[in-house]
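The values are calculated or read from the model by the stated rules, or taken from the named source; none is laboratory data. This is a predicted model, so every value here is computed, not measured. Glycine also receives a Cβ, built like all others from the backbone with ideal geometry; neighbour counts cover every protein chain displayed. When the accessible area is computed, the model is the full protein with side chains, heavy atoms only, and any ligands, DNA or RNA have been set aside. Shrake-Rupley method; radii C 1.70, N 1.55, O 1.52, S 1.80 Å.
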Amino acid sequence: MVVNPTAAEAMPVATVLIAEETISSAQAEVVFDDIEDDVPDDARHLILEISAAAVGGGNEPVQVEAVFNSDEDANYLERELFGIGETLDTEVRFDQNSAGLMPVPAAGGDRFGGGRSTIPWAFVTDQSKHVLSQGAANEDHISATMAHWEPHEAINSITLRLDAEGSAFAPGSRLQLFAVDESYAVAEDALEEDAPSLEFPDLPQDLHDLVVIGQTRSSEHNVNRRGDRVWSAINSDSEGSNYRVQRITGEALTYRPDREHEEDRLVFDQLGEPRVGWNTAAAAPEGIFGPWMVHYADYTNTSVWNTYRSQHGTRDEHFNPVGQEVGRWTQLSSLQDIEYFPQRGSNFVAGSRAVIYGAADPISRHEIPAGGANAVHLQIPSGAESLQVHISARSENEDENDDRLIIEANGDDNPWNYRRQRMSAYDGAGEAARGADNQVGILPAASMPTELVSATELRLDGLDSGRELAVVSYGGIPGDGRVALYGGRWLASEEVRWLTLRTESGADLAEGGVVTVSAGYLDQGAASLGIPVVELSIVLAVIVVGVLVLKRFAGRAKWKSPLPRRSHPRHRAP
């Protein structure tokens, strides 16, 4: 157990920009190479941020795919959970020659799409690698994807390309590679031998959010069940009835001794258990550890229930799942310690590990008076390209169990000027829907417990002029309501100077929270740019991270001739 006492004074969880490429003319691929030479010595995780469009591949969305260390052999597997129009589905793809990441739209006007991919423990040499991605081709195709790369090698190069024959990245596409800044780690636990759990006692209480990146393997041995659920105990509370989780998952039973493959399936369970994800177990192939990420927002707030949002996915040769979940701990208490353990297995095996990253005091935190508010308005700093907004809120809508969160750019309140695609799940049922409106999230309404708030993250790209504002959001109502992923855009390419968040029903946002604004960061957090917020009479907990992207190490991104196409075609929109 290692604790970093200095990170408590750090800015929000940060990344270090390693390389980027902004496409000036149609380009078939981008290569980020010599990665280990450019990342900090203590780097563990890599993140890809993609805002792109495709030319030459027709009028349908195209998948971005990655090749690691120039390996074009059939060493990749991927599982995609996707929404297209009213179709919600999942597919697993074996023996691929690249890792599928996310869809981007066909080029048109100033339209770009994409999202984020995380590669946990990208540089270890005793385990295979996974990639967890979320992204959208705006309103045309939204997805959550798990990809697996078999070799036990440190990743030193990443080739990004598009999966349609003849397609290329359109001019204006931005592809960026980051490393997680390890100076923001507040605690870690790595097992050198089998142990019942990963333990994190005495967590700092002067932060606002915690983000956990874990990679584990259970000791449970069952050839017909090659994975295991990852459970948690907050403040030593292992009582399952004190936790609730809503999940949306794509999986299958892909191997048993008497059969090779069953149909892919969608799972929309609402569970009364302390689940945060899934990992491999002892019968899975050697060297595969299941990755999972958990975000605890405003975890010291004792006026609402502690909420969390998680992503997971792993190759286990049985389910091969990818899942997104929102959950809660039904207690009014600060999160002071946390323990992660397998549901069925007696131990996590040696090599299992997790790191917790935190944030210190933001530049502004606003306690909200009684009475509620109709909207929140966020002013955007000049020069910012993207924002990340975390929302913990309630609606005072008395007519429904939930409400929709909507966004307005530069005061444009006409829903017909926006487009979006949603996929969601609630209590055993799932759906997908495309709309001409500005929905970006789900809020609990007045009929739900007053201690329950949403757990939603918005990622907004294209704030600068010359490109449409693109939105990818993920979250929902933890445990008792809907979990949803959205992709969308604003049909204008002007610079976004301010954003408004409000309920779709017109009801006020309910009292009981705070607004917290964090600075953007430059060059590993060495400098900051404040984000002023106006009309802050809102009962809302919001973490805003403004990312002002610098063109650093751009020379590391190189053009090369096209690589061979993938061995099996991906899903195409109907």
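Could you tell me whether VAL483 is under 21 Å from ALA136 (Cα atoms) and either surrounded by 22 or more Cβ atoms within 10 Å (Cβ to Cβ) or not basic (Lys, Arg) (or both)? Yes: the conditions hold for VAL483. For GLY277, the conditions (1) at pLDDT below 95; (2) surrounded by fewer than 17 Cβ atoms within 10 Å (Cβ to Cβ) are fulfilled apart from (2). Name the single residue that is modelled with the lowest pLDDT among those in the range 303-323 being aromatic (Phe, Trp, Tyr) and within 23 Å of LEU132 (Cβ to Cβ). Once the filter is applied, the top-ranked residue is PHE319. The requirement of being under 19 Å from the mean Cα position of the chain (by Cα) and either of a type in the set (D, E, K, R) or open to solvent by 20 Å² or more (accessible area, probe 1.4 Å) (or both) is fulfilled somewhere in the range 404-420, by at least one residue. Of all the listed residues (VAL376, VAL326), the sole one being at pLDDT 95 or above and crowded, with 24+ Cβ neighbours inside 10 Å is VAL326.
Total residues in the range 405-444 satisfying the condition of being at pLDDT 95 or above and assigned to a loop (DSSP other than H, G, I, E, B): the figure is 8. Listed by position, the strands (runs of 3 or more DSSP E) enclosed by the range 167-218 that each have at least 3 residues that are closer than 30 Å to SER386 by Cα are 174-180, 185-190, 210-216. On the given criteria, is GLU339 outside the structural domain of TYR243 (by the TED database), outside any loop (DSSP other than H, G, I, E, B) and either crowded, with 23+ Cβ neighbours inside 10 Å or modelled with pLDDT of 95 or more (or both)? The answer is no for GLU339. Could you pull out the residue among GLU91, GLU49 that is surrounded by fewer than 22 Cβ atoms within 10 Å (Cβ to Cβ), of a type in the set (Asp, Glu) and within 21 Å of the chain's Cα centre (by Cα)? Exactly one of GLU91, GLU49 is surrounded by fewer than 22 Cβ atoms within 10 Å (Cβ to Cβ), of a type in the set (Asp, Glu) and within 21 Å of the chain's Cα centre (by Cα), namely GLU91. Taking the listed residues TRP231, TRP149, the one that is crowded, with 17+ Cβ neighbours inside 10 Å, under 21 Å from the mean Cα position of the chain (by Cα) and not assigned by the TED database to the domain that holds ARG353 is TRP149, with no other qualifying. Looking at ASN401, is it of a type outside the set (A, V, I, L, M, F, W, C), free of Cβ contacts under 8 Å to residues at least 24 places away in the same chain and out of contact with any His (no Cβ under 9 Å at 6 or more places or on another chain)? For ASN401, the condition - of a type outside the set (A, V, I, L, M, F, W, C), free of Cβ contacts under 8 Å to residues at least 24 places away in the same chain and out of contact with any His (no Cβ under 9 Å at 6 or more places or on another chain) - is not met. Taken over the range 172-209, the criterion of being of a type in the set (Ser, Thr, Tyr) and either closer than 15 Å to GLY358 by Cα or surrounded by fewer than 24 Cβ atoms within 10 Å (Cβ to Cβ) (or both) is satisfied by SER183, TYR184, SER197. The condition (being of a type in the set (S, T, N, Q) and out of contact with any Leu (no Cβ under 8 Å at 6 or more places or on another chain)) is satisfied by just one residue among GLN96, GLN127, GLN134: GLN127. Would you check which residues across the range 106-120 are open to solvent by less than 10 Å² (accessible area, probe 1.4 Å) and either outside the structural domain of SER167 (by the TED database) or not in a strand (DSSP E or B) (or both) and list them? If the condition is that a residue be open to solvent by less than 10 Å² (accessible area, probe 1.4 Å) and either outside the structural domain of SER167 (by the TED database) or not in a strand (DSSP E or B) (or both), then PRO120 is the only one that fits.
One residue alone among GLU91, GLU139, GLU80, GLU65 is closer than 27 Å to GLU457 by Cα and outside any strand (DSSP E or B), and that residue is GLU139. Identify all residues within the range 269-289 that are among the small types (Gly, Ala, Ser) and either part of a loop (DSSP other than H, G, I, E, B) or more than 18 Å from GLY479 (Cβ to Cβ) (or both); write none if there are none. Scanning the range 269-289 gives GLY272, ALA281, ALA282, ALA283, ALA284, GLY287. Given the structure, is ALA144 under 30 Å from GLU91 (Cβ atoms), surrounded by 24 or more Cβ atoms within 10 Å (Cβ to Cβ) and in contact with a Leu (Cβ under 8 Å, 6 or more places away or on another chain)? So ALA144 passes the test.
Looking at VAL64, is it under 23 Å from the mean Cα position of the chain (by Cα) and buried (at least 22 other Cβ atoms within 10 Å of the Cβ)? Yes.
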